[in-house]
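Each remark here refers to the structure printed beneath this line.
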Amino acid sequence: MKLPLLAFAGVLLISLLSLADAGAQQQQQQSVPPTPAPALPSPSAAPSINPTVSPAPRGRNRPASSPSPAASASETPAPPQFQSLDGIWEIELQTRAHTYYSHLTLRQSGAQGSDVSGIWDQGGYPDKKIPLTGTFDGRLFKFTASFKENEYTFSGYVENYSDIVGMVSDGKNDLPFTAQHRKKEKFFNNVTPGI
């Protein structure tokens, strides 16, 4: 009977020692202050790039020190033919079944170019060239072309003096159209008969 009692005493002793060791570790953890989180590195300023200007090579006629012009942004001016409605416009008139092509030859006049006159050329024949008049406010336009008993009204807007989007109406039907300002390249394109 001594053996089981001794075994029981040994297990009890081991348990007490384990509890004492755990208590000591807990007390040690409480006495040690927590380690602070490592500090994050502070962001450093990005390295600055200091461009250096190398001197221009010395040529035969170039002085030893010539200042180089400073680079600066500049606006590119619009080509002269795109600063007004003046010129030839290629029209695409769209119906449900077909697209018809024709031309407008326009010229602005009046205060700030508000009055517009021109010709609607529907195919090159004299009876297909219809005179038109109208107004333009810098973005919106309205032109009227009269031929015999028919009157056509063009209305819409101009984008950068290079594109037109609008509607043409004959009083019964309204059809969408677009037009593009055509660059004058040939001598005969500069001739505007009847204006």
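The values are calculated or read from the model by the stated rules, or taken from the named source; none is laboratory data. Computed from a predicted structure; not experimentally measured. Note that each Cβ is placed from the backbone with ideal geometry, even for glycine, and that neighbours are counted across all protein chains shown.
Here are the numbers for the structure shown:
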item	result
Single residue of the stretch 160-180 satisfying the filter (modelled with pLDDT under 90 and within 29 Å of the chain's Cα centre (by Cα)) that is nearest to Leu93 (Cα to Cα)	Ser162
Checklist (1) surrounded by fewer than 15 Cβ atoms within 10 Å (Cβ to Cβ); (2) over 14 Å from Gln180 (Cα atoms); (3) modelled with pLDDT under 90 applied to Leu140, failing item	(3)
Total residues in the stretch 125-144, condition out of contact with any Gly (no Cβ under 9 Å at 6 or more places or on another chain) and either in contact (Cβ under 8 Å) with a residue 24 or more places away in the chain or of a type in the set (Ser, Thr, Tyr) (or both)	1
Filtered residues of the stretch 111-127 (kept if in contact with a strand residue (DSSP E or B) (Cβ under 7 Å, 6 or more places away or on another chain), modelled with pLDDT under 90 and charged (D, E, K, R))	none
Residue, nearest to the chain's Cα centre (by Cα), within the stretch 83-137, restricted to residues that are surrounded by fewer than 14 Cβ atoms within 10 Å (Cβ to Cβ) and at positive phi	Gln112
